[in-house]
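The values are calculated or read from the model by the stated rules, or taken from the named source; none is laboratory data. Keep in mind that what you see is a predicted model, and the values were worked out from it rather than measured. Please note: Cβ atoms are built from the backbone with ideal geometry, for glycine as well, and neighbour counts cover all protein chains shown. Just the protein is used for accessible areas: all its heavy atoms, side chains included, with ligands, DNA and RNA removed. Shrake-Rupley method; radii C 1.70, N 1.55, O 1.52, S 1.80 Å.
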Amino acid sequence: MAHYCHSCGNSKTHALEKFNVKKEGDNLVIALAGNPNTGKSTIFNALTGLNQHTGNWPGKTVLQAQGSFIINGQKCTIVDLPGTYSLLANSADEVVARNFICFGKPDTTIVVTDATCLERNLNLILQVMEITDKVVVCVNLIDEAKRKEIEVDIKALSEELGVPVIATSARKKIGLNELINTVHQVASGKILTNPKIIVYDQEIEGAIKELEPQLENLLKGELNSKWVALRLIEGDVLLLEAIKDYLGETLSSTECEVDMSCAR
Amino acid sequence: MCSIKTSNINELFDQIASKTGDKYKDSLRDKLVDNIYRQAETIAKKVVKEPKNKIDWDGKIDNLLTSKITGYPIMLLILGLVFWITIEGANYPTDALYNLLFSGEEQLTRFFLFLGAPDWLHGVVVLGVYRGLAWVIAVMLPPMAIFFPLFTLLEDSGYLPRVAFNLDRFFRKAGAHGKQSLTMSMGFGCNAAGVIACRIIESPRERLIAILTNNFVPCNGRFPTLIALSSIFIGGALVAPYSNISALFAVIGMILVGIVVTLLVSWGLSKTLLKGVPSSFTLELPPYRKPQIGQVIVRSIFDRTIFVLMRAVKVAAPAGAIVWILANVYVGDLSLLGHFANFLDPFARIIGLDGIILTAFILGLPANEIVLPIMIMGYLAEGAMLELDSLAALQKLLVDNGWTLMTALSVMLFSLLHYPCTTTLLTVKKETQSMKWTVLAGLIPLTVSVVVLFVLNQGLKLFGID
């Protein structure tokens, strides 16, 4: 019989509260990541009907914006993360985006990309997919790419990445319904993704292999062990502290849950 | 076993940390990045097809907009065009609003007479609150409603990052971050927004410089004051069509002074309090995009114009009442406002202002929008009742109270350089988490403005120009 400890609640709710995101009942939490100036805010506005200010310059979204929409009767809270080129924590923005995806554990992360310079955007997609499986790629500004005679093979991209890819033009409201539906299906587990894993040089892969089993044991599936292993090798002190914090809370809440049942 | 001790993780982390030296970490990170990029490239090659010999229009436009020879003139030209449209376009609606709002005042007065309301009530409500509101709306609304959509167009089209690119060199020489020109541009809308925008600057040192100097670009609370005073005193000295052109040059001049002061203070800070070398960064020039006209108008009118106006109105209403009371409660043969203004007057005169002007700036701390209205109310309370239904009437009021071209110039400079409003200061507090920097964010501009006005006014006196 499972008992639930009310004093500590659900660990995920805890983590989300840190980001000021309220999780109620079976609401879904969707994160919106992407390079700067790819139209994240435009997508955010189109999905939520909110009017966050948009602008054509990198770094527009300095505040983490939140909104919500309802799909198939289910409320989705959508969080507009700051635009970043990577998740390697070179700047405060990158730390915010990475921590949210890593510890906030959104039900789905949409990575918004610019169809006119996809290659630059792929780095971020690959890095997001290292942290979470639940990814939907949105190839935005597809109309602009067409105008510039750039062709993006959406189907091939989806096969390469192992996650759904949707072409959109947020400004012209093209592809948004498909995006929402796909996001919902991934969030609710109707679409299972199989993200492409980055294969590193032998030396690095070797180091990962050494660490992974120990980590798996410790992380108990809370975080992706390969990703954490990489960060350990990299010596990302900030993240290590954050992981300690996170695990401290999570594990103590599981501990609490188990203890309750032991007591009965 | 019910639980796992988290200390195990600490141990594991420590073990690994001790194994990997810093040098090893750096090369490892490069390898990681390199691996990721290579795979991105491989995928992109498979799925993206680009035209072979396309004309790179963005590149061609960029060559024009960011070259050393054509970049700056075009920048000034665009800036000039925006302000010219604002000044030219704001004239007529401003006068129309004055007429409308002041005929409203007459109606209200009649209504109060009809009710037999006491004089003080009429004074506080009509001459204080209503008049304060009317001035704020008439002075602010038209320029904002024109300026904001134009500015948003520049933002949407992708021109702002080009400005940042052009100015990068100057900011670097000043020991500041190139992205500061972006945060500076945001300050044109609102300094509080500009201060928040400073988050895009990663280095804490350069971020602080950007925060402390954001005040030197006029926010929309101060813009209308600059525009009104330029139109009256600098444009007014000449006949149309030269009047608007000269007013335009005055406004652009003020902006350039603001930018130069920004650079000088940034330089000063990077040599004293915030020593260091500018960090390098890559500024991405986004593709040009056709702005969405409808979006731009809705965004700029609702998000900015109405928002800012409401904020001003919220401050102007109580401020109007307070100023009226201060101007009508007498101690001896002088009102409280008069006493206060008299007390400040000797000092104010040294820097080319007068007691009422300085009082207005002090009472206007919560929002710069209400500085000009407070000045007007201060003058009106002392002198005879005037029918203030146009810019011409405003000019008469100011001239009657001893304003000269030098006074107008001093007020404009003080408005441009003095301390930011309380909202901005609170934002600085929130962003820096430090009382020291918040106080400095107020004190540095105040010192700069007093020094500039002192040197200007006393210098001119020395040469016999007054």
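Name the residue farthest towards the positive end of the dipole of segment B:308-466 from the options B:LEU409, B:LEU365, B:GLY464, assuming +1 on Cβ of Lys and Arg, -1 on Cβ of Asp and Glu, about the Cα centre.
The residue sitting farthest along the positive end of the dipole is B:LEU365.
Which whole-Hz couplings ³J(HN,Hα) result when phi for each residue of segment B:453-459 is put into the Karplus expression 6.51 cos²θ - 1.76 cosθ + 1.60, θ = phi - 60°, listed in order with x for Gly and Pro?
5, 4, 4, 4, 5, 5, x
Among B:ALA327, B:ALA316, B:TYR288, which residue has its Cα positioned farthest towards the positive end of the charge dipole of segment B:281-330, with +1 placed on the Cβ of Lys and Arg, -1 on the Cβ of Asp and Glu, and the dipole taken about the Cα centre?
B:TYR288
Taking the inverse of the average 1/r across all pairs of different Cα atoms in segment A:67-207, what Kirkwood radius in Å do you get? Spell out each step's value before the answer.
Numbers: mean 1/r = 0.0629 Å⁻¹.
15.9 Å is the Kirkwood radius here.
Rounded to a whole number, what is D in µm²/s for segment B:116-169 from Stokes-Einstein with the Kirkwood radius over alpha-carbon pairs (37 °C, 0.692 mPa s)? Walk me through the intermediate numbers first.
Values: Rh = 14.5 Å.
Using the Kirkwood radius from Cα pairs, D works out to 226 µm²/s.
Given the DSSP H assignment, sum -39500 (n - 2.57) over each helix run of at least 4 residues in chain B and divide by its residue total; what's the result at 222 nm in deg cm²/dmol, nearest 500?
Details: 21 runs with 330 residues, N = 466.
Helix-only estimate at 222 nm: -23500 deg cm²/dmol.
State the volume of the convex hull built on the alpha-carbon positions of segment B:155-210, expressed per residue in Å³ and rounded to an integer. Please list the in-between numbers first.
Values: hull volume 4.0 nm³, N = 56.
Dividing the Cα hull volume of segment B:155-210 by its residue count gives 71 Å³.
In degrees, nearest 10, range 0 to 90: what is the angle between the Cα axis of helix B:391-400 and the longest Cα principal axis of chain B?
Here the helix axis deviates by roughly 70 degrees.
What accessible area per residue, rounded to a whole number of Å², is obtained for chain B using a probe radius of 1.4 Å? Don't skip to the end; give the middle numbers.
On the way: 21330 Å² over 466 residues.
Normalised by residue count, the accessible surface of chain B is 46 Å².
Could you give the radius of gyration (one decimal) and Dmax (whole number) of the Cα atoms in segment B:239-351, in Å?
Every Cα atom of segment B:239-351 included, Rg and Dmax give 23.2, 67 Å.
Helix B:180-189: angle to the longest alpha-carbon principal axis of chain B, degrees 0 to 90, nearest 10?
Between helix and principal axis, roughly 30 degrees.
Counting only the heavy atoms of the protein chains, how much of B:TYR72 is accessible to a 1.4 Å probe, in Å² to the nearest 10?
The value for B:TYR72 is about 60 Å².
In whole Hz and in residue order, list the ³J(HN,Hα) couplings for segment B:141-158 that follow from phi through the Karplus curve 6.51 cos²θ - 1.76 cosθ + 1.60, θ = phi - 60°; x for Gly and Pro.
So the Karplus estimates, Gly and Pro as x, are 4, x, x, 5, 5, 9, 5, 4, x, 5, 5, 5, 4, 4, 5, 5, 6, x Hz.
For segment A:75-127, give the magnitude of the charge dipole about the Cα centre (Cβ charges: +1 Lys/Arg, -1 Asp/Glu; no others), in debye to the nearest 20. Before the final figure, lay out each step's value.
Details: 4 positive and 6 negative charges, 36 e Å.
Magnitude of the dipole: close to 180 debye.
Could you check how much of the accessible area of chain B is carbon and sulfur, as a whole percent, using a 1.4 Å probe?
Working: 14600 of 21330 Å².
Whole-percent figure for carbon plus sulfur exposure: 68.
Once the Cα atoms of helix B:71-115 and of chain B are each reduced to a long axis, what angle between those two axes, in degrees from 0 to 90 to the nearest 10, is obtained?
That helix lies at roughly 40 degrees to the long axis.
Tell me which residues come under 5 Å, amide H to amide H, from A:CYS138 once H is placed; ignore anything under 5 positions away on its chain.
Placed amide hydrogens put A:VAL111, A:VAL112, A:THR113, A:ILE166 under 5 Å from A:CYS138.
How big is chain B by Rg and Dmax over its Cα atoms, in Å?
Calculated on Cα positions, Rg and Dmax stand at 26.7, 92 Å.
Over what distance in Å are the Cα centres of segment A:105-134 and segment B:346-372 separated?
If we compute the Cα centre of each part, the gap is 53 Å.
Calculate the tail of P(r) for segment B:60-152: the fraction of all Cα-Cα distances greater than 21 Å, expressed in %.
That tail contains 54 percent of the Cα-Cα pairs.
What dipole magnitude, in Debye to the nearest 20, does chain B give about its Cα centre under +1 on Lys/Arg Cβ and -1 on Asp/Glu Cβ? Can you show the working numbers first?
Details: 39 positive and 33 negative charges, 452 e Å.
Dipole of chain B, to the nearest 20 debye: 2160 debye.
Positive end of the dipole of chain B, charges at C-beta (+1 Lys, Arg; -1 Asp, Glu), about the Cα centre: which of B:LEU141, B:ILE36, B:LEU160 has its Cα farthest in that direction?
Final value for the positive-end residue is B:ILE36.
Give A:LYS196/A:LYS220; A:LYS244/B:LYS429; A:LYS196/B:LYS52; A:LYS105/A:LYS226; A:LYS134/B:LYS49; B:LYS271/B:LYS430 a once-over and call out the pairs whose C-alpha atoms are over 19 Å from each other.
On the way: A:LYS196/A:LYS220 22 Å; A:LYS244/B:LYS429 30 Å; A:LYS196/B:LYS52 29 Å; A:LYS105/A:LYS226 16 Å; A:LYS134/B:LYS49 27 Å; B:LYS271/B:LYS430 25 Å.
Over 19 Å apart, Cα to Cα: A:LYS196/A:LYS220; A:LYS244/B:LYS429; A:LYS196/B:LYS52; A:LYS134/B:LYS49; B:LYS271/B:LYS430.
Would you pull out the residues with amide H under 5 Å of A:LYS75's amide H, same chain only if 5 or more places away, H placed 1.01 Å from N?
A:LEU28
Dividing the alpha-carbon Rg of segment B:205-261 by 2.2 N^0.38 Å yields what?
On the way: Rg = 14.0 Å, N = 57, 2.2 N^0.38 = 10.2 Å.
Output field value: 1.37.
If packing is taken as the average count of other Cβ atoms within 10 Å, what order do B:363-374, B:256-267, B:428-439 fall into, highest mean first? Mind showing how you got there, number by number?
Working: B:363-374: 24.6, B:256-267: 19.1, B:428-439: 15.6.
With the highest mean Cβ count within 10 Å placed first, the list reads B:363-374, B:256-267, B:428-439.
Could you give me the radius of gyration and the Dmax of segment B:129-285, taking only the C-alpha atoms into account and expressing both in angstrom?
17.2, 52
Chain pair B, A: how much accessible area is buried, both chains summed, with a 1.4 Å probe, in Å² to 100?
Working: alone 24430 and 13750 Å², together 32190 Å².
In total, chains B and A hide about 6000 Å² from solvent.
Hey, what do the phi angles of segment A:180-191 turn into as Karplus ³J(HN,Hα) couplings, whole Hz, using 6.51/-1.76/1.60 and θ = phi - 60°, x for Gly and Pro?
The phi angles translate into 4, 4, 5, 4, 4, 5, 5, 4, 8, x, 6, 10 Hz.
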